[in-house]
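Participant: I'd like to ask some things about the structure below.
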Amino acid sequence: MGKLLVVTTGATATFRPLIAATLDAKFLRGIVKLGYNRMVVQYGTEVPISRQFYENCVAQLAELKYIGVDVGSSRLEHYKLVVEGIPYDPQFVERFVKLADLVVSHGGTGSILDALRLEKKLVVVINESLMDNHQLEIAEAFSNIGVLVYASDVNELLEKVHEVENTTMAKLGPSVGGMVEKVILQEL
Amino acid sequence: MDCDTEITVIASVTLLIGLVVVLRLIYCLPCVYYSSTKRTIDEAMRIPKGTKIMILLGSGGHTGEMIRILGQFSNDSLENLEKTYVVSSGDETSLLRIKQLEETLRSGKDTRYIILPRARSVGESSFSALFNTLKSFLYTVRTFVGDFSLIPDVLLLNGPGTAVPLAYLVFFFKLIGLGHTRIVYVESLARVNNLSISGKCILPLADRFIVQWEKLAHDYNRCEYYGVLV
């Protein structure tokens, strides 16, 4: 059984450099060596723009014969790695993240927590073009407690994937959100 | 009555009123009488039926965290609560997400929704932002004055800016004896090293203030830390 890599750009504006970095020949060869045979790229909500961007990235890969993509290919079993692009979908966590061996995510809180709560190996890529954002702060804080690895530059992605593959990561543990209910009870 | 007596009377009345206001503030401000010992809550305890809660859904990330927090409540408590959600106009996503959660509850149909004019849009000039914030605040006041039964037992907030006027208004009602709302504020997971501006503004009024990173509980008085809540 090969492994599944899930890439998510969240439910907000398309994080193009992340899509481009994962649809890069060197990166794909790298993950095949690590035993991955399937990659799902959730390219965002801005369909059709994000879909178009995804397809353009795929088109540039066309000469890589051993990579099968869901664009017009039917005999996927002949390939070493199958890449599949999907738009944002509310069932995404259930359908994909749950099955993933590794998640590569943008720095959104929601996507980070979805992966960590399911105890998935996680590499977070920070979107530098977002001004005044807390993504780096959250990623750093989580990386300090050893539950994820983050890349502040997309070019470090493959290196960070190797790092997370070779490290035993700490677990975030279950949410203590029920505490808010207790606090309310104390106040009533 | 000569001029001096008049001044003395006015001064005394002003002082007296001032004293009453200060005493009332001291009586009402949680930061004055705060005690760190809390009553213990049994695992089986549930929020009693009919408890009124007002929940602000700030937008994207704030709404996301709030929904995750509510998702950790016991189903019984969620169904017992009489909920009023406050959402900004145009924030269809928050409305959609919370309605999805409400649909899973038997009590869903009694839930109320207040749609406030948006306080500030991204990229807006500061003048029009000021104007819109004022408009949004006046609308909030009007909504409450039109229906005092809206004043909740618990006000649950997790930012952003819109939370500030709402908290101050509800606290003002408490100050003049309308309602006895307990304000519970949860700081966003994104705040790792410093409290948000909204958080700093609300901290003195909040009966309970929960942070999600330990450092904040060390750095600020009265901040409670239990772990990641979302």
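Participant: With helices defined as uninterrupted DSSP H runs, which ones in chain B have an alpha carbon span along their own long axis of at least 20 Å and mean Kyte-Doolittle hydropathy of at least 1.6?
Facilitator: The qualifying helices are B:3-28.
Participant: Once the whole set of protein chains is in place, how much accessible area is left on B:Tyr139, using a 1.4 Å probe, in Å² to the nearest 10?
Facilitator: Number for this one is 80 Å².
Participant: Rolling a 1.4 Å sphere over the protein heavy atoms, what is the accessible area per residue of chain B, to the nearest Å²?
Facilitator: Accessible area per residue: 52 Å².
Participant: A:Lys121: which lysines have alpha carbons under 17 Å from its alpha carbon, excluding same-chain residues fewer than 8 sequence positions away?
Facilitator: A:Lys3, A:Lys98, A:Lys160, A:Lys171
Participant: Same structure again: Would you mind classifying the protein assembly as shown by shape? Square roots of the alpha carbon gyration tensor eigenvalues, ordered a ≥ b ≥ c; an a/c under 1.5 is rounded, otherwise it is prolate if a/b is larger than b/c and oblate if not.
Facilitator: Verdict is prolate for the protein assembly as shown.
Participant: For B:Lys49, which lysines qualify as cross-link partners when the Cα separation must be under 19 Å and same-chain residues fewer than eight apart are set aside?
Facilitator: A:Lys182, B:Lys83, B:Lys109
Participant: Here's a follow-up. When you take every Cα atom in chain A, what is the radius of gyration, and what is Dmax, the widest Cα pair distance, in Å?
Facilitator: 17.3, 66
Participant: Please compute the Kirkwood hydrodynamic radius of segment B:34-225 from all pairs of different C-alpha atoms, in Å with one decimal.
Facilitator: Answer for segment B:34-225: a Kirkwood hydrodynamic radius of 17.4 Å.
Participant: What does the accessible area of B:Tyr168 come to, in Å² to the nearest 10, when a probe of 1.4 Å is used?
Facilitator: Accessible area of B:Tyr168: about 100 Å².
Participant: Okay, next question. Specify the residue with the greatest mean-square fluctuation among B:Ile17, B:Ile115, B:Ile69, computed from a Gaussian network of chain B linking alpha-carbon atoms under 10 Å apart.
Facilitator: B:Ile17
Participant: Let me ask you something else. Using the crude model of +1 on Lys and Arg Cβ and -1 on Asp and Glu Cβ, and no other charge, please compute the dipole size for segment A:3-187 relative to its Cα centre, in debye to 20.
Facilitator: Approximately 720 debye in magnitude.
Participant: Other chains near A:170-178: what is the mean number of their Cβ atoms within 10 Å of each residue's Cβ?
Facilitator: Mean partner shielding for this stretch: 5.
Participant: Something else about it: Please give the total accessible area that chains B and A bury against each other, computed with a 1.4 Å probe and expressed in Å² to the nearest 100.
Facilitator: By this definition, chains B and A bury close to 2900 Å².
Participant: With the full set of protein chains in place, find how many percent of the accessible area of segment B:109-230 is carbon and sulfur; take the probe as 1.4 Å.
Facilitator: Carbon with sulfur: 61 percent of the solvent-accessible area.
Participant: Residues of chain A: accessible area per residue at 1.4 Å, in Å²?
Facilitator: Averaged over the residues of chain A, the accessible area is 47 Å².
The values are calculated or read from the model by the stated rules, or taken from the named source; none is laboratory data. Quick caveat: nothing in here was measured; it's all calculated off a predicted structure. Backbone-built Cβ (ideal geometry, glycine too); neighbour counts: all protein chains shown. Ligands, DNA and RNA are excluded from the accessible area calculation, which covers all protein heavy atoms including side chains. Shrake-Rupley method; radii C 1.70, N 1.55, O 1.52, S 1.80 Å.
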